[in-house]
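Structure in structure tokens, see below.
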Amino acid sequence: MTGESRKVLKARITTALVFFVVLFVALVSRAYQLQILSGEALKARAERQHKDVLELHTERGKIFDRNGKVLAASTHVDSVGVHPSMIKDHEKTATELARILNTNKKTVRAKLKEQRSFSWIARKISPEQSQRIRALNISGIQLVKEPRRFYTNRGLASHVLGFVGTDENGLEGLEFKYDKYLKQVARKISWGRDARGNQFCMDERGGTSNDEKNNHLILTIDSRIQHVVERQLQEALKETGAHKGTAIVMDPRTGEILAMACVPDFNPTVFYRYSDEIRKNRAVADSFDPGSIFKPFVIAAALDEGVVSPDELVDCENGRYTVGKKVIREAENKKFRELTLRDILKYSSNIGSAKIAERLGKERFYRRMKQFGFGSRTAIDLPGEASGIMRSSELWTDVDLATIAFGQGVSVTAIQMIAALSGIANNGVIMRPQVVRGIIDNRGQVIREFTPSVMGRAVSAETARIITSYLTGVVGDKDGTGQNAQILNIAVAGKTGTAQKYDFTERRYSSEKVIASFLGFFPANDPRMTVLVVLDEPQRKRWGGQAAAPVFREVAQQVIRCFDNGIGEQEYVAEPLDMEIKNAAIEEITCDPSHDGKSFIPDFTGRTMGEVVRIARERNIDVRLSGTGWAVKQNPAPGAFCDDKTVCAVLFRPAY
Amino acid sequence: MDEGKGVKYSSLGYVSLVVMVVVLVYVWCHVQVTEVNYEMAQAIKVREQLLEENSKLKIEIERLKSPARIEDYARKKLGMDYPERNQVVVLR
């Protein structure tokens with residue numbers, strides 16, 4: 001090799017070396033840039049491209065009634081979105097979407113042309129609509145799953161349940177109050193995507209882990225009773241022309257609310273179509289002057305304090321009683337002279353009630369009313385409860401004391417009223433009203449249980465018993481104001497109320513606008529249900545006894561006849577058959593008057609009601625029947641002599 | 001000397017074969033896992049769809065069982081009404 005060629009070779013080798021060194025440095029630099037400098041960002045980008053996250057099917061907790069019937073449940077529905085840059089034929093797409101979604105074509109077209117990467121066209125559409133849109137298969141139109149709350153009975157118990165917003169957050173009622181339990185956190189699993197776009201699972205458990213923490217509410221509400229109450233309230237509104245109506249059914253022994261209805265109601269699925277006034281749960285949030293349904297509590301307090309005795313006569317001043325500068329009169333300008341406590345309630349005497357309150361005195365009267373829970377929240381597990389207005393007794397004038405005694409000048413909520421009367425029904429012990437029984441998880445395990453709790457004792461058991469017997473007279477006696485609440489063979493204790501509404505513009509009680517109400521419980525001797533019915537501004541049938549008492553009766557009758565609730569018709573007259581029989585509103589069957597007047601009472605026991613009636617008719621004996629099933633007891637006994645004035649009471653019981 | 005070479009080559013062949021088999025089994029296992037992952041993805045999707053359908057059907061059942069609907073149906077279509085007192089016989 002010559003020196004020349006050696007030089008050339010060396011130069012070539014050097015060139016190659018430089019070339020490779022440069023190349024190596026370039027490669028290392030690039031590797032450094034990719035791995036070290038932008039390594040994290042690129043890794044994340046790569047993961048974004050081949051990794052995905054699948055959101056698993058999760059639902060907001062359900063709401064059940066006391067019998068396990070679903071009142072509210074969630075599922076997923078499709079929402080339609082658009083990626084405007086991917087749309088090719090705007091006109092055609094807009095026409096087709098507008099047709100399926102029943103919306104304006106212009107609006108859809110505007111959305112398709114928006115200068116955004118993504119925008120919504122319609123949220124939470126129906127399954128049929130989403131199926132039709134899917135069938136169109138338009139690129140750029142995307143269907144996205146979103147949760148949606150369904151209220152399976154539409155407006156049933158809507159004021160209790162409340163509603164949720166678009167993002168499934170509770171906004172009102174129990175949905176709001178128990179949001180933290182009902183809310184479901186989304187469950188996600190890793191999801192891979194290969195070069196062809198096929199998806200594969202990257203989660204070893206396949207998303208089957210039990211980390212789902214779905215909680216459900218169990219209510220004390222009975223949807224069947226709730227339905228009956230709502231239906232009857234709606235009927236009453238039609239019949240009386242009242243603007244609004246509220247009704248509550250409560251179990252006095254536990255404080256459990258079986259039904260709570262406000263009419264007009266609303267459909268919580270489309271809550272935004274209704275005004276705040278309609279959506280408000282008036283049973284807990286509104287207070288009103290109670291009127292005469294307040295009187296039983298005044299008499300109960302006076303009896304309990306010993307300022308009056310059950311057999312005492314109260315002078316009712318012949319319908320006109322002056323307190324300070326105010327003259328107190330009876331309703332409908334009636335005039336009473338001396339009335340017993342029982343009659344004060346039966347005839348709903350304002351003067352009698354005012355005079356009893358005077359005997360109690362302001363301070364004691366105020367204290368006792370507070371014991372009944374007036375002027376304080378009941379702490380029911382519903383949001384927005386009002387406390388009513390019970391001004392301090394130090395601010396009362398003598399006139400205030402007198403008018404509050406018949407329910408004017410004091411403001412109460414419906415839930416306070418029913419809790420207070422339930423206290424009388426429950427031997428003087430007031431139970432805290434509650435609408436939620438407990439919270440369970442997905443497997444049905446109880447997470448929290450809300451057991452009945454006592455609010456306090458309002459009166460002694462003896463006083464409660466006496467007031468119950470007075471209230472039974474209000475409904476059962478022929479001249480009681482609550483006759484329209486009578487139920488055949490069931491003793492009802494109750495009180496009617498017709499309160500004038502305060503006119504804030506004229507600053508006086510209106511003679512035109514009234515609140516008609518009925519507050520009662522049944523069966524009187526073993527109370528199972530307390531019912532309050534309040535009708536706001538009835539235009540026809542303006543008295544509580546005419547407007548509200550029939551609603552009570554209809555509700556009670558349907559509950560007794562149609563549901564297995566253990567309320568036996570025979571219970572009330574089981575013992576002293578002859579004494580209390582008139583209070584039980586017993587069915588009377590009058591025989592043919594042309595009988596000879598001489599007969600012996602046959603043995604009715606073991607016979608059916610039809611047979612007893614037939615035999616009695618044949619022998620011209622008057623009978624009073626009570627209960628159902630077969631005859632088990634009779635008074636007078638078989639073989640006793642009877643004349644045309646004798647009435648034989650026969651008690652029936654079902655065969656067990 | 002030739003015999004010794006033959007033995008060496010044949011044992012090298014065996015070793016290579018074993019290694020190849022092991023590698024193939026390993027690859028086959030991975031292919032299987034990947035296939036199962038694809039199947040799982042499909043199954044999860046189907047399960048999600050079925051769960052959704054199931055919850056929709058449950059809601060539909062509850063809706064059909066609502067007291068208001070049943071009462072309307074009973075009154076309007078079947079001509080029924082709430083029973084009078086004498087129509088109720090309690091059997092216990």
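Read the figures in this text as sums done on the coordinates, not as results from a lab. Here the structure is a predicted model, which is why all the values come from computation and not from measurement. We place every Cβ from the backbone using ideal geometry, glycine too, and count neighbours over all the protein chains shown.
For the range A:372-388 and the range A:395-428, what is the separation of their Cα centres, given in Å?
14 Å
Now, a different point. Compute, for the protein assembly as shown, the length of the dipole vector about the Cα centre, with Cβ point charges of +1 (Lys, Arg) and -1 (Asp, Glu) only. Units Debye, rounded to 20. Write down the numbers at each step before the final one.
Values: 109 positive and 93 negative charges, 697 e Å.
So the dipole magnitude of the protein assembly as shown works out to roughly 3340 debye.
While we're here: Please work out the Kirkwood hydrodynamic radius for chain A, using every pair of different C-alpha atoms, and report it in angstroms with one decimal place.
Details: mean 1/r = 0.0332 Å⁻¹.
This gives a value of 30.1 Å.
Okay, next question. Trypsin sites (Lys or Arg not before Pro), restricted to the range A:611-656: which are DSSP loop and have at most 15 other Cβ atoms within 10 Å? Mind showing how you got there, number by number?
Details: sites: A:R614, A:R617, A:R619, A:R624, A:K633, A:K645; in loops: A:K645.
Hits after loop and neighbour filter: A:K645.
On to the next question. From the residues A:Y321, A:F521, A:G373, which one has its Cα farthest along the dipole of the protein assembly as shown in the positive direction, the dipole being from +1 and -1 charges on Cβ of Lys/Arg and Asp/Glu about the Cα centre?
Value computed over the given set: A:G373.
Within chain B, how many lysine pairs that are 8 or more places apart, or on different chains, have C-alpha atoms less than 27 Å apart?
On the way: B:K45/B:K56; B:K45/B:K58; B:K56/B:K65; B:K56/B:K77; B:K58/B:K76; B:K58/B:K77; B:K65/B:K76; B:K65/B:K77.
Counting lysine pairs in chain B gives 8.
Test of understanding: ordering A:T254, A:T220 by Cβ neighbours within 10 Å, fewest first, what list do you get?
Numbers: A:T254 19, A:T220 25.
Ascending Cβ contact count within 10 Å gives the list A:T254, A:T220.
Before rounding to the nearest 500, sum -39500 (n - 2.57) across all DSSP H runs of length at least 4 in chain A and divide by the residue total; then give [θ] at 222 nm in deg cm²/dmol.
Working: 21 runs with 213 residues, N = 656.
After summing the helix terms and dividing by the residues of chain A, the value is -9500 deg cm²/dmol.
Ranking B:V18, A:V613 by Cβ neighbours within 10 Å, fewest first, what do you get? Don't skip to the answer; put the middle values down first.
Numbers: B:V18 10, A:V613 17.
So the residues, fewest neighbours to most, are B:V18, A:V613.
If the reach is capped at under 17 angstrom between alpha carbons, list the aspartates and glutamates near A:K334, excluding any in the same chain fewer than eight residues apart.
Those aspartates and glutamates meeting the cut-off are A:D315, A:E317, A:D343, A:D479.
At what distance in angstrom do the alpha carbon centres of the range A:326-356 and the range A:482-519 lie from each other?
So the separation of the two Cα centres works out to 16 Å.
Moving to a separate point now. Modelled label-to-label distance, A:E449 and B:N54, 7 Å Cα→beta-carbon offset: nm?
2.8 nm
Another question, then. A:V8 to B:W28: FRET efficiency via 1/(1 + (r/R0)^6), r the Cβ-Cβ distance, R0 60 Å, to the nearest 0.05?
On the way: r = 56 Å, r/R0 = 0.93.
So the FRET efficiency works out to roughly 0.60.
Give me the net charge of A:T220's neighbourhood, meaning all other residues with Cβ under 10 Å from the Cβ of A:T220; Lys, Arg count +1, Asp, Glu -1.
Here the charged neighbours net out to -3.
Please report the relative contact order for chain A, taking Cα pairs under 8 Å with a sequence separation of at least 6, and give it as a percent rounded to a whole number. Before the final figure, lay out each step's value.
Values: 1402 pairs, mean separation 72.9, N = 656.
Computed value for chain A: 11 percent relative contact order.
Right, here's the next one. With a cut-off of at most 11 other beta carbons within 10 Å, and DSSP calling the residue loop, which trypsin sites (Lys or Arg not before Pro) in the range A:353-443 qualify? Please list them.
Numbers: sites: A:K355, A:R359, A:K362, A:R364, A:R367, A:R368, A:K370, A:R377, A:R391, A:R437, A:R443; in loops: A:R377, A:R391, A:R443.
For trypsin sites (Lys or Arg not before Pro) across the range A:353-443 that sit outside H, G, I, E and B with at most 11 neighbouring Cβ atoms in 10 Å, the list reads A:R443.
Quick one: compute the contact order of the range A:54-218, relative version, from alpha carbon pairs under 8 angstrom and 6+ residues apart, as a percent. Kindly include the intermediate steps, with their values, before the conclusion.
On the way: 283 pairs, mean separation 50.7, N = 165.
Worked out over the range A:54-218, it gives 31 percent.
In the structure displayed, which of A:K362/A:K541; A:K62/A:K177; A:K145/A:K188; A:K113/A:K188; A:K478/A:K645 lie more than 24 Å apart, Cα to Cα?
Numbers: A:K362/A:K541 35 Å; A:K62/A:K177 14 Å; A:K145/A:K188 14 Å; A:K113/A:K188 33 Å; A:K478/A:K645 20 Å.
Listed pairs above 24 Å: A:K362/A:K541; A:K113/A:K188.
I'd like the FRET efficiency for A:F118 and A:F24, computed as 1/(1 + (r/R0)^6) with the beta carbon distance as r and R0 of 60 Å, rounded to 0.05. Don't skip to the answer; put the middle values down first.
Working: r = 46 Å, r/R0 = 0.76.
It comes to 0.85.
So, one more: Take each complete run of DSSP H in chain A, measure how far its Cα atoms stretch along the helix's own axis, and keep only those covering 20 Å or more with mean Kyte-Doolittle hydropathy at least -1.0; list them.
Membrane-span-like by this criterion, though nothing is claimed about a membrane: A:3-32, A:223-240, A:461-476.
Kindly provide the helix-only [θ] at 222 nm of chain B, computed as the sum of -39,500 (n - 2.57) over DSSP H runs of four or more divided by all residues, to the nearest 500 deg cm²/dmol?
Numbers: 2 runs with 69 residues, N = 92.
Helix-only estimate at 222 nm: -27500 deg cm²/dmol.
A further question on this structure: Treating the angle as unsigned and between 0 and 90°, give the value, to the nearest 10°, between the Cα long axis of helix B:2-64 and the longest Cα principal axis of chain B.
10 degrees
Report, in whole Å, the centroid distance computed from the Cα atoms of the range A:48-114 and the range A:601-637.
69 Å
Mean separation of Cα pairs under 8 Å and 6+ residues apart, divided by the residue count of the range A:383-482: what relative contact order is that in percent?
Numbers: 97 pairs, mean separation 20.9, N = 100.
Averaging sequence separation for qualifying contacts and normalising by length gives 21 percent for the range A:383-482.
Turning to a different aspect of this structure: Say each of A:Y32 and A:D441 gets a label point 7 Å from the Cα, pointing the same way as Cα to Cβ; how far apart are those two points in nm?
5.5 nm
So, R0 is 51 Å and r is the distance between the beta-carbons of A:V327 and A:V185; what FRET efficiency does that work out to, to 0.05? It would help to have the intermediate numbers written out before the result.
Values: r = 66 Å, r/R0 = 1.29.
After rounding, the FRET efficiency stands at 0.20.
Antiparallel as a % of all DSSP beta bridges within chain A, to the nearest 5? Numbers along the way, then the final one.
Details: 89 of 98 bridges.
Roughly 90 percent of the DSSP beta bridges within chain A come out antiparallel.
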